[in-house]
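Reviewing the structure listed below.
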């Protein structure tokens, strides 16, 4: 199954959280290029709040970066381009999303237009998941 994974799902690949097993079971993940910044930001935020040590956050960020740049295709990253931003602008009005959430969902919509096999949306934000379902995606449990 090919799924689009937003940054909240990608963090679960590295940090042990509820839902980690579901995300780790996905064979292929299509992601927004925004994840390149959002995932390390979330991991470092966990360090600042005491959920992770700075050492562990650094290790997890390094693991994410190794996967990000892995030629074997751990992630299929979709660039934020005009078509994505057009979708995102529509989605903020339609679903009352925050800007980066709209860009994440806009990326998924554009990716699905290119590859209709992208039917699932892995996300751990209730509002974004609800918007993805309204856009025709199946949620990841």
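For the range 1-12, a residue qualifies if it is part of a helix (DSSP H, G or I) and in contact with a helix residue (DSSP H, G or I) (Cβ under 6 Å, 6 or more places away or on another chain), and the qualifying residues are 7, 9, 10, 11, 12.
Every residue, every condition in (1) at positive phi; (2) modelled with pLDDT of 95 or more, yes or no:
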position	(1), (2)
40	no, yes
44	no, yes
47	no, yes
58	no, yes
68	no, no
73	yes, no
76	no, no
80	no, no
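When residue 124 is tested against (1) within 22 Å of residue 19 (Cα to Cα); (2) in contact (Cβ under 8 Å) with a residue 40 or more places away in the chain; (3) in contact with a strand residue (DSSP E or B) (Cβ under 8 Å, 6 or more places away or on another chain); (4) crowded, with 17+ Cβ neighbours inside 10 Å, exactly one condition is not met: (3). Can residue 119 be described as part of a strand (DSSP E or B), in contact with a helix residue (DSSP H, G or I) (Cβ under 8 Å, 6 or more places away or on another chain) and within 18 Å of residue 9 (Cβ to Cβ)? Criteria met by residue 119.
Checking each residue of the range 103-115 against the condition of being assigned to a helix (DSSP H, G or I), modelled with pLDDT of 95 or more, farther than 15 Å from residue 33 by Cα and in contact with a strand residue (DSSP E or B) (Cβ under 8 Å, 6 or more places away or on another chain) gives at least one match. Total residues in the range 13-30 satisfying the condition of being within 21 Å of residue 115 (Cα to Cα) and in contact with a helix residue (DSSP H, G or I) (Cβ under 6 Å, 6 or more places away or on another chain): the figure is 2.
The values are calculated or read from the model by the stated rules, or taken from the named source; none is laboratory data. Everything numeric in this text was worked out from a predicted model, so none of it was measured. When we count neighbours, we look across all protein chains shown, and the Cβ atoms used for this are built from the backbone with ideal geometry, even at glycine.
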